[in-house]
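Quick notes on the structure that follows.
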Amino acid sequence: MDRNYKAALIGAGRIGFSLGFDKKREQPASHTMALLHNKRIKLIAAADCSEKNLKEWQKYAKKHKSPALGFGSSDELYKNVPDLDIIVVAVNEEKHLEECIKAIEYKPKLVILEKPVALNTEEAEKIVECARRCNVSVMVNHERRFDRSYKEAAKWLSQIGDIQRVKAELDSGLRIYGEEFEKDGTYSLIHDGTHLVDIVRYLLKIELKTPVITGVWKDEKNIVRNFSAHYATANIPDVEITMSGRSKFFEFRLEILGTRGKICIGNGIAEFYLREESRLYTGFYSLEKQKVKLPEKTGYFSGMVENAVDFLEGKAPLLSPLEDAVRDLAVLEEIKNCFK
């Protein structure tokens, strides 16, 4: 008989809770909503240093038949709530090391950690060592690994021929990097860039090492606002990671060009092109957009929780394990070091 899994949340802020009320986002869009809507999980408690956040979380959780136990700190929660199977760590980046290690040392069956793993690889390796010592599995929420649109893109890779070029682009208004922001991780290179690097590595099954950095632009305060990092891998001669931190919009986009087609995928877009006899020129082929029926929902958050349950039941491996996320962080750190 299938069992239910007891879960607790550390951090009832945006990704932990309140993004679940964003009417424009595909729901569930927060850990709370994703956990509460999974029939196999019983979310019983949360900890947050904000009394306001905690009271709002408890009010919502009680409506969904949760005991809604609330605590002002993770220490207090762990002392009073026994036998947790899943602990979700959804605090700000500067608290990842401290809170993830506390969660691991509680020894649940699984810790779900928000991205990025930590502020740097030195902190990340401490989490890895603790997880090994305590024999606790850790999943990192790189949500696009669970997104049905990217799963569809993975199927199309074999149809577009040999991959010639990959361009992964992220544009926002948040600074790319500044040394003074390393203490709290409030810069886009690791905050958003972790998703960009992760999906490139995951989708294309490649490693990114030794970047050639071009297009670096710094503002009057010496804050990095633009850059491009170029890589050549064994199978793909041109991989570009490019980010803007002075755009007046937000965009996340991958373009994968093959010898027989192209894939364009990102936030709000999933397009697939194959070569067909040209409608414009005799004797030529052109790329034509294919009619593809995409799922109404990508399932990016619910899919992550489903994978967690499947893992606990021995039905599937973790699709976003800690070790992969640490390698993502190492890629970003290598880029960062080129700015100094």
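The values are calculated or read from the model by the stated rules, or taken from the named source; none is laboratory data. None of these values were measured; they are calculated from a predicted model. Reconstructed Cβ throughout: ideal geometry from the backbone, glycine too, with neighbour counts over all protein chains shown. Keep in mind that these areas ignore ligands, DNA and RNA; they rest on the heavy atoms of the full protein, side chains included. Shrake-Rupley method; radii C 1.70, N 1.55, O 1.52, S 1.80 Å.
Summary table below
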| quantity | calculated |
| --- | --- |
| Carbon + sulfur, % of accessible area of region 263-340 - ligands and nucleic acids excluded, 1.4 Å | 49 |
| Heavy-atom accessible surface of region 20-153: percent carbon and sulfur, 1.4 Å | 46 |
| Environment charge at THR194 (Cβ cut-off 9 Å; Lys +1, Arg +1, Asp -1, Glu -1) | -2 |
| Listed residues GLU276, GLU143, GLU220, most fluctuating in the chain (Gaussian network, C-alpha, under 10 Å) | GLU220 |
| Sum of -39500 (n - 2.57) over DSSP H runs of 4+, divided by residues of the chain (222 nm, nearest 500) | -9500 deg cm²/dmol |
| Heavy-atom accessible area per residue - the chain, 1.4 Å, Å² | 49 |
| Accessible surface, 1.4 Å probe, highest first, among residues VAL216, VAL305 | VAL216, VAL305 |
| Directionally averaged projected area (convex hull, Cα atoms, region 226-274), nm² | 4.1 |
| Length-normalised contact order for region 1-128 - Cα pairs under 8 Å, 6+ apart - percent | 25 |
| Distance violations [Cα-Cα > 22 Å] among LYS24/LYS248; LYS262/LYS293; LYS293/LYS315; LYS39/LYS63; LYS115/LYS340; LYS55/LYS79 | LYS293/LYS315; LYS115/LYS340 |
| Prolate/oblate/rounded label for region 1-151 (Cα gyration tensor, a/c 1.5) | rounded |
| Cα point-scatterer Debye curve for region 69-175, base-10 log of I(q)/I(0) at q = 0.11, 0.15, 0.23, 0.24 Å⁻¹ | -0.50, -0.78, -1.22, -1.28 |
| Ellipsoid equivalent to the chain - semi-axes via the Cα gyration tensor, in Å | 36, 24, 18 |
| Three-way shape label, region 11-66, alpha-carbon gyration tensor, a/c 1.5 | oblate |
